[in-house]
């Protein structure tokens with residue numbers, strides 16, 4: 001009966017309509033090998049004449065396409081955790097860099113508005129957890145433990161491919177241990193300041209696979225203690241160039257000709273609450289000594305600034321306030337590095353709860369708390385902490401710095417220049433994304449080491465290699481990963497697209513011993529094919545995906561055949577089928593064999609490409625037929 005199919009091995013089953021014709025990629029997936037044990041059981045059952053049973057299926061047919069689609073939906077998933085505003089900004093930059101490298105990446109996070117703006121799914125808002133100080137943190141302990149318990153469960157259930165933790169050590173050291181316990185690699189960006197709190201605490205970083213540090217002295221400190229640390233530069237160097245001083249003052253509603261004092265009391269509500277009264281009083285003393293002085297404060301939208309008087313509070317990008325300032329009163333921390341990059345001389349201050357201060361001064365093992373002083377290795381900017389943080393001391397310290405010709409100002413600017421040089425080049429977020437990609441390639445290497453290969457037709461490859469004759473491998477883009485691993489270390493040249501996703505394949509290929517030519521039929525096509533022809537003329541073996549870099553999937557494009565024709569070399573089609581695999585939600589349904597999968601690799605006989613347009617057309621048809629044969633779709 002037309003349109004009806006019956007299962008010959010099943011008894012008393014209703015006929016049902018035949019499925020619609022499937023495309024080449026779907027057909028290839030449907031023909032992946034069942035596990036060897038399943039085939040043996042089926043053969044024994046057929047010899048006995050028994051039923052396939054309600055739980056099994058015929059070769060090459062899925063029981064339930066919806067369940068099958070769910071099983072093969074495997075996408076790289078990364079969890080990012082940022083528990084405070086500055087970490088939110090740094091994490092957002094990393095998220096953007098990761099998306100440039102890995103299109104289709106799934107990102108989930110603890111974070112804030114900047115991560116959300118970067119397209120990350122924020123599961124928990126950081127505002128409910130951000131806190132500074134020992135005493136201040138006590139009230140947040142129950143909330144942090146509830147969050148940690150949820151994250152532990154999420155790590156166990158969702159099986160993230162990587163966890164990226166940004167700063168915020170009190171919580172993140174526990175989160176790192178939870179991720180490691182679930183078998184998830186951990187990349188920690190912006191190291192805990194263990195060089196200040198005691199080297200013995202470094203052992204708490206044992207669950208961290210890679211530490212990305214942003215201060216130049218941190219790499220040696222952590223490496224000496226057995227932590228895989230990499231200095232990536234400071235993310236502040238990636239900020240856009242500031243406007244001129246006059247432009248910044250006009251944007252803030254200030255007089256471009258008058259000297260300006262900048263106040264930087266902090267970005268957290270509790271910091272502002274502790275610092276604002278002292279900063280305001282210090283500014284009043286400066287204004288009394290310098291009547292021509294105007295004062296602007298870098299504010300934040302969730303803090304209060306009572307009785308500002310003549311102080312203009314700018315609740316926006318603090319970069320504008322740095323650009324407008326001749327000198328500044330800065331709370332310690334990253335703010336001092338922002339001032340250094342903006343070349344703003346400063347005095348440094350900080351106040352916390354007295355009990356927090358008592359504990360800190362007995363634990364801290366560094367001579368300064370200002371990061372500019374720590375990076376320079378000497379006191380570039382004077383520090384006024386706790387009881388020394390008075391309006392009088394701050395005003396007396398900053399007044400000389402408002403005069404560009406004062407010796408104190410010149411000395412400090414020399415130190416700030418040294419700090420800027422030591423903070424490294426721009427590109428910190430991209431370097432962190434590179435470390436994350438390396439962690440992903442390490443996971444792939446570990447996975448690929450479990451694969452078992454069964455090979456047929458390799459004599460065709462061996463014969464050409466014995467003749468020292470170059471040739472072109474052609475393979476579908478969806479099968480590139482198992483074949484990359486199969487031919488690792490053979491000095492094969494790959495044509496890799498200039499699209500964003502090509503960067504990741506180029507990175508994996510380089511680590512497996514491949515050389516790459518960047519280009520495709522769509523982006524950099526002429527340069528890419530010219531590089532392929534030159535490699536072939538130099539005696540290399542080249543691998544090309546004729547349906548890449550963006551499809552249509554499993555449809556031969558002329559680029560690979562034209563390159564072989566021009567170089568006068570043969571083409572060998574190669575296919576790979578796996579007993580079990582995940583399939584990504586990408587244009588080609590990228591195949592990633594599961595752990596311990598058996599992979600059958602088949603090589604077709606060489607195809608010689610004739611001359612002219614007819615030779616190219618016949619070559620394309622021959623390559624398409626051979627790819628169908630080696631993939632079992634003919």
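General remarks:
- For the range 392-433: rounded, prolate or oblate by the Cα gyration tensor [a/c cutoff 1.5]: prolate
- Relative contact order, percent, the range 77-233 [alpha-carbon distance under 8 Å, six or more residues apart]: 19 percent
- Share antiparallel - DSSP beta bridges, the range 451-631, percent rounded to 5: 35 percent
- Between the range 206-230 and the range 316-337, the Cα center-to-center distance that results, in Å: 28 Å
- Each of residue 596 and residue 629 was given a label point 7 Å from its Cα along the Cα-to-Cβ line. The distance between the two points is 3.5 nm.
- Prolate/oblate/rounded label for the range 245-422 (Cα gyration tensor, a/c 1.5): oblate
- Extension gain for the segment residue 116 to residue 224, taken as residue separation times 0.36 nm less the Cα-Cα distance, is 35.2 nm to one decimal.
- Computed on the range 268-420, with alpha-carbon pairs under 8 angstrom and 6+ residues apart, the relative contact order is 24 percent.
- For the range 242-278 and the range 445-484, distance of Cα centres in Å: 63 Å
- The range 451-631 - percent relative contact order, Cα under 8 Å, separation 6 or more: 29 percent
Here, each number is a calculation from the coordinates, and none is a lab measurement. Everything numeric here is computed off the predicted structure, so don't read it as measured data. Positions of Cβ are generated from backbone atoms using ideal geometry, with glycine treated the same way; all protein chains shown enter the neighbour counts.
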